[in-house]
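Let me give you the structure first, and then I'll get to my questions.
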Amino acid sequence: MQKQGMAKTTLFLDFDGVLHPRFCPDEEHFCRRPLFESVMRRHPAVCIVISSSWRRIYGIDYLRSRFSRDIAERVVGTTQLWVPDVPANRHQEILAWLGKQRLEGSPWLALDDSAPEFPECCAHLLLCDSRHGLTDERAEALARRLSELAGE
């Protein structure tokens, strides 16, 4: 439970390399979703924003449909596209989203597999290995980081 007066935490979520290995067959897409959702259920106050490149192709309703109902309800939006081929691009998209929502300075975390999309040593990034996606070890790290951000 979040402490009184603390800002709500936002998780920026990538799909490829996180919810499934980056180059897996289509039928294995979202194979890590149950593990992700189990962590998110332990942190019910965390909002989810899709930062995955899937947002370029699919609308928010389709993106939400990839999750169980209780988790889908917490998907509050997607980041907007920034300037292509710019270093730390996804980070810039996240900062722009936070600014548009007037959430600058609020706690946030990005779950992603692409370090070049973020500044070097970005404290807000929890990196997954794209060959495996979210593993048990990374899921526990996610749970710890979300607890820290919530002041638990």
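Laboratory data are not the source of any read-out in this text; all were calculated from the coordinates shown. As the structure is a computational prediction, the values presented were derived from the model and not from experiment. Here Cβ is always computed from backbone atoms with ideal geometry, including for glycine, and neighbour counts include all displayed protein chains.
Hey, can you grab everything whose amide H is under 5 Å from the amide H of Leu125? Only 5+ residues off in sequence or another chain; H modelled, so Pro and N-termini drop out.
HN-HN under 5 Å from Leu125: Ala110.
Right, here's the next one. Counting helices only, and only those DSSP H runs with n ≥ 4, report the 222 nm mean residue ellipticity of the chain as the sum of -39,500 (n - 2.57) divided by its residues, in deg cm²/dmol to the nearest 500.
Roughly -8500 deg cm²/dmol at 222 nm, from the helical runs in the chain.
Another question, then. Treating only the Cβ atoms of Lys and Arg (+1) and Asp and Glu (-1) as charged, compute the dipole magnitude of the chain about its Cα centre; round to the nearest 20 debye.
Using Cβ point charges on Lys, Arg, Asp and Glu, the chain gives about 560 debye.
Please list the non-local residues whose amide H lies under 5 Å from the amide H of Gly77, H modeled 1.01 Å from N, same-chain partners needing a gap of 5 or more.
For Gly77, whose amide H was placed from the backbone, the distant partners under 5 Å are Ile50.
About the Cα centre of the range 5-50, how large is the charge dipole given +1 on each Lys and Arg Cβ and -1 on each Asp and Glu Cβ? Please answer in debye to the nearest 20.
Computed charge dipole of the range 5-50: roughly 360 debye.
Per residue of the range 60-67, in order, report the coupling 6.51 cos²θ - 1.76 cosθ + 1.60 (Karplus, θ = phi - 60°) as ³J(HN,Hα) in whole Hz, putting x for Gly and Pro.
4, 5, 5, 4, 5, 5, 6, 10
Compare the peptides 46-58, 64-76 by average per-residue count of other Cβ atoms within 10 angstrom and give them in order, highest first.
Output ranking for 46-58, 64-76: 46-58, 64-76.
Now for a separate question. Any idea which of His29, Ser68, Ser53 is furthest toward the positive side of the dipole for the range 10-149, if Lys and Arg beta-carbons carry +1 and Asp and Glu beta-carbons -1?
The listed residue farthest towards the positive side: Ser68.
Along the three principal axes, how long is the chain when you take its alpha carbons, biggest first, rounded to the nearest angstrom?
Computed over the Cα atoms, the extents are 44, 33, 31 Å.
So what J values fall out for the range 131-143 if you push phi through Karplus, 6.51 cos²θ - 1.76 cosθ + 1.60 with θ = phi - 60°, rounded to Hz, Gly and Pro as x?
Taking θ as phi minus 60°, the curve returns 6, 10, x, 5, 10, 4, 5, 5, 5, 5, 4, 4, 4 Hz for the range 131-143.
In sequence order, what are the phi-derived ³J(HN,Hα) couplings for the range 92-108 according to the Karplus relation 6.51 cos²θ - 1.76 cosθ + 1.60 with θ = phi - 60°, rounded to whole Hz, with x for glycine and proline?
For the range 92-108, the Karplus curve yields 5, 4, 5, 4, 5, 5, 4, x, 4, 8, 6, 10, 4, x, 7, x, 8 Hz.
Count the DSSP beta bridges whose two residues both fall in the chain, then state the antiparallel fraction as a percent rounded to the nearest 5.
Expressed as a percentage, antiparallel bridges in the chain total about 5.
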